[in-house]
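Engineer: Please see the structure below; I have some questions.
The values are calculated or read from the model by the stated rules, or taken from the named source; none is laboratory data. These numbers were taken from a predicted model, which means no experiment stands behind them. In this analysis, Cβ positions are derived from the backbone assuming ideal geometry, glycine residues included, and neighbour counts consider all displayed protein chains.
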Amino acid sequence: MNLTERIETFILSNIIHPKKRKIGVEIECMFYNKNMKRLPVDLCEEFSASSFIEIMKKYQENDPIKASYSLEPGGQLEWASPPFISLHEIYHHLQIYFKRVGKVLNKQNLMHIDYALEPIYSPEDISLIDMEKYNLMHNRFVTSGRHGPWMMRNTTSIQINIDMCSQEDAEIMAF
């Protein structure tokens, strides 16, 4: 089996019955302090993205269904919904997430700017999260093009994850 066939076999190994199809959403956000400075990434004396994520995780400790939180390389907070069959369930959990974010913003006097591309700072102005994988990525990106550091530190996105129900379904979604 060649590489293309192996990839196709792997992708098609998780086909779901249409009535059991689930959808998930991932949303990344950038936050700023009252002086329009991006939050520092790692724990420090000021309120940081690492502090933010810990508060968000604590808010959901007693939730029966938990979202997933992570930090992107430049301190962007990522919220990932659990997978659901119903868009109404995703919307409900998204509203809970935004309500909790609002509490942190108010308490810490922060702002959320909902742009996909950082409007103020260049990558050199934004610290990189202290993780080996991101340091390796950064070192590779600075030698292989111009946009890697921007992507790592200066962007946010929304991703939709949808189960596939057949090979034809996968082909339609992919192209």
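Engineer: Looking at the stretch 49-59 only, could you name the residues that are touching a residue at least 12 places away in the same chain (Cβ under 8 Å) and over 17 Å from the mean Cα position of the chain (by Cα)?
Structural biologist: Residue satisfying the conditions is Tyr59 alone.
Engineer: Taking the stretch 106-124, which residues are part of a helix (DSSP H, G or I) and either modelled with pLDDT of 95 or more or buried (at least 17 other Cβ atoms within 10 Å of the Cβ) (or both)?
Structural biologist: Asn106, Lys107, Gln108, Pro123
Engineer: From the list Leu110, Leu117, which one is in contact with a Ser or Thr (Cβ under 7 Å, 6 or more places away or on another chain) and within 25 Å of Trp150 (Cβ to Cβ)?
Structural biologist: Leu117
Engineer: Would a scan of the stretch 153-161 turn up a residue that is under 27 Å from Val25 (Cβ atoms) and out of contact with any strand residue (DSSP E or B) (no Cβ under 7 Å at 6 or more places or on another chain)?
Structural biologist: yes
Engineer: For the stretch 1-59, enumerate the residues that are surrounded by fewer than 17 Cβ atoms within 10 Å (Cβ to Cβ), in contact with an Asp or Glu (Cβ under 8 Å, 6 or more places away or on another chain), closer than 19 Å to Leu110 by Cα and not polar (S, T, N, Q).
Structural biologist: Of everything in the stretch 1-59, just one residue is surrounded by fewer than 17 Cβ atoms within 10 Å (Cβ to Cβ), in contact with an Asp or Glu (Cβ under 8 Å, 6 or more places away or on another chain), closer than 19 Å to Leu110 by Cα and not polar (S, T, N, Q), namely Asp42.
Engineer: Going by the structure shown, is Tyr134 out of contact with any Asp or Glu (no Cβ under 8 Å at 6 or more places or on another chain), among the hydroxyl-bearing types (Ser, Thr, Tyr) and under 17 Å from Thr156 (Cα atoms)? Don't jump to the end; show me each part of the working.
Structural biologist: On the way: out of contact with any Asp or Glu (no Cβ under 8 Å at 6 or more places or on another chain): yes; among the hydroxyl-bearing types (Ser, Thr, Tyr): yes; under 17 Å from Thr156 (Cα atoms): yes.
So Tyr134 passes the test.
Engineer: For the stretch 14-34, state whether one or more residues are touching a Ser or Thr at 6+ places or on another chain (Cβ under 9 Å) and over 27 Å from His112 (Cβ atoms).
Structural biologist: yes
Engineer: Of everything in the stretch 60-90, what is crowded, with 17+ Cβ neighbours inside 10 Å, in contact (Cβ under 8 Å) with a residue 60 or more places away in the chain and not in a loop (DSSP other than H, G, I, E, B)? Give them in sequence order.
Structural biologist: Of everything in the stretch 60-90, those that are crowded, with 17+ Cβ neighbours inside 10 Å, in contact (Cβ under 8 Å) with a residue 60 or more places away in the chain and not in a loop (DSSP other than H, G, I, E, B) turn out to be Phe84, Ile90.
Engineer: Only one residue in Arg140, Arg146 is in a loop (DSSP other than H, G, I, E, B), of a type outside the set (A, V, I, L, M) and more than 15 Å from the chain's Cα centre (by Cα). Which one?
Structural biologist: Step by step, each of Arg140, Arg146 is checked, and only Arg146 is in a loop (DSSP other than H, G, I, E, B), of a type outside the set (A, V, I, L, M) and more than 15 Å from the chain's Cα centre (by Cα).
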